[in-house]
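Peer 1: Questions regarding the structure given below will be posed in turn.
The values are calculated or read from the model by the stated rules, or taken from the named source; none is laboratory data. Quick caveat: nothing in here was measured; it's all calculated off a predicted structure. Cβ atoms come from the backbone with ideal geometry, glycine included; neighbour counts cover every protein chain shown.
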Amino acid sequence: MAARPGGRTGDTRSVTELVWYVAYGSNMHADRLRYYLAGGRPVGAARTYPGCRDPRPPRRTMPVFLPGGVYFALESRTWTGGMAFYDPTLPGRAAARAYLLTAGQFADVAAQEMARHPDVDLDLTEVLTTGRACLGPGRYETLVRPGDLDGHPMLTFTAPWSCADVEPNPPAARYLGMIASGLYEAHGWDADTLVAYLAERPGVRGHWTTDRVVDTLTGRFRRGAAVAPTPRAGNRTPIATGKTGNQEFVRNNHRGAERNS
C-alpha cells in the first residue's frame, strides 16, 4: 500500500468523511479503544466510558511513526502516575497506531479524553488548515495533524504545552504495561525493542531503571524472545513527516503490514 502526499494547508475535504485517529498511549491497545467506541468500564478501571454515538469498530488500523516523541507528565485520574503526551518538537519519532474512524467518532473519542460529553461534532477546519488547533487549556484539548495517510488526515490530541514546560512524572506500571501491549499489537516489536523504546521516554528515563521496565513487562513479554511473527522483507511502516504533512515509507524490522479490523 502506498500513501499519498497530503499538504496541511487549505485541505478540509475530509471534515465530514474519514480521519485517522492516531493513538500513542494506552489506546494503541485495540481492546482499550473499544471502550471509547462502544462504552463500558474496563476491568479494574475507576471510570465508565459513555462511548461514541457511532459505536462501530475502526475501518482499518495501521502502525505509524510520528515526528517527535512521547513523554509522561501530570497525574492520571484513571491510572495514577504520569500520563502520556505527544510533543512534535522532541527529537526522534513516536511509535503510534492509526485507526480509520469517521470524523464524528474521532470527535467523540476526543471528547471522552477531554472529560466532555461525546455529543457534539468538532470543527476540524483549523487543525486541517494549520496543523494545530487548541480547543481549551486542558491536558488533551489540543489537536495536531501530523500528516496524511491514504488521502485521509491523521489527527491526534495532546497538551498545549511542550515536554520542556512541565515536570516529568513516571507512569504507573499498569499504564506502561498497557502501552507496551498496544505497541506489540501495532508494531509487533520483540520484548527488547519494547523495553528500549519505553525506557527512553521522558518521565520513564531518569525515574525507572531498565531492569524495572523489564520487571514491569514480565508476564506480558519474555525478554530476548520474539513476541510476533517474523516480518516479511519489504514490509514498511508509514512515517508522518511533520513539516509538510507528506508520507514516506521506510524499511524496518517491525511488522508494518496493514491490518483490517
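Peer 1: Hydrophobic (A, V, I, L, M, F, W, C) and at positive phi, is that true of L101?
Peer 2: no
Peer 1: Filter region 195-210 down to the residues that are within 17 Å of D87 (Cα to Cα) and not hydrophobic (A, V, I, L, M, F, W, C) and list them by number.
Peer 2: Residues satisfying the conditions are Y197, E200, R201, P202, G203, R205.
Residues checked against (1) at pLDDT 95 or above; (2) surrounded by 18 or more Cβ atoms within 10 Å (Cβ to Cβ):
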residue	(1), (2)
G6	no, yes
R13	no, no
E17	no, no
V22	yes, yes
N27	yes, yes
A30	yes, yes
R53	yes, no
A73	yes, yes
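Peer 1: A further question follows. Can you tell me how many residues within region 58-76 are under 13 Å from the mean Cα position of the chain (by Cα) and assigned to a loop (DSSP other than H, G, I, E, B)?
Peer 2: Going through region 58-76 one residue at a time, the tally reaches 1.
Peer 1: State all residues of region 161-194 that are under 16 Å from R205 (Cα atoms) and basic (K, R); if no residue qualifies, say none.
Peer 2: None; the set is empty.
Peer 1: Can you tell me how many residues within region 91-118 are basic (K, R) and assigned to a loop (DSSP other than H, G, I, E, B)?
Peer 2: Adding up the residues that qualify gives 1.
Peer 1: Does region 95-116 hold any residues that are more than 15 Å from P55 (Cβ to Cβ) and either modelled with pLDDT of 95 or more or of a type outside the set (A, V, I, L, M, F, W, C) (or both), and which are they?
Peer 2: Scanning region 95-116 gives A95, A96, R97, A98, L100, A103, A110, E113, R116.
Peer 1: So the check is Cβ under 6 Å with 6+ separation or different chains; which pairs have a first residue in region 129-150 that's of a type in the set (F, W, Y) and a second one that's modelled with pLDDT under 95 and in a helix (DSSP H, G or I)?
Peer 2: Qualifying pairs under 6 Å: Y140/E113.
Peer 1: Is it the case, given these coordinates, that G92 is modelled with pLDDT of 95 or more and either surrounded by fewer than 23 Cβ atoms within 10 Å (Cβ to Cβ) or more than 26 Å from P202 (Cβ to Cβ) (or both)?
Peer 2: Yes; evaluated as a whole, the condition is true for this residue.
Peer 1: Taking the options P202, P171, name whichever one is in contact with a Cys (Cβ under 7 Å, 6 or more places away or on another chain), at pLDDT 95 or above, crowded, with 20+ Cβ neighbours inside 10 Å and not small (G, A, S).
Peer 2: It is P202.
Peer 1: Does R97 meet the test of being surrounded by 16 or more Cβ atoms within 10 Å (Cβ to Cβ), of a type in the set (K, R) and over 20 Å from E185 (Cβ atoms)?
Peer 2: Taking the combined requirement at face value, the residue does not satisfy it.
Peer 1: In addition: For region 112-149, which positions are surrounded by fewer than 19 Cβ atoms within 10 Å (Cβ to Cβ) and within 20 Å of F65 (Cβ to Cβ)?
Peer 2: R132, the sole residue that qualifies.
Peer 1: Quick one: count up the residues across region 14-57 that are touching a residue at least 60 places away in the same chain (Cβ under 8 Å), β-branched (V, I, T) and assigned to a loop (DSSP other than H, G, I, E, B).
Peer 2: 2
Peer 1: If you don't mind, another one. Would you pick out the residues in region 77-90 that are part of a loop (DSSP other than H, G, I, E, B) and in contact with a Gly (Cβ under 7 Å, 6 or more places away or on another chain)?
Peer 2: Across region 77-90, the qualifying residues are G82, P88, T89, L90.
Peer 1: If we scan region 206-220, do we find a residue that is closer than 30 Å to R60 by Cβ, at pLDDT below 90 and in a loop (DSSP other than H, G, I, E, B)?
Peer 2: Checking region 206-220: at least one residue is closer than 30 Å to R60 by Cβ, at pLDDT below 90 and in a loop (DSSP other than H, G, I, E, B).
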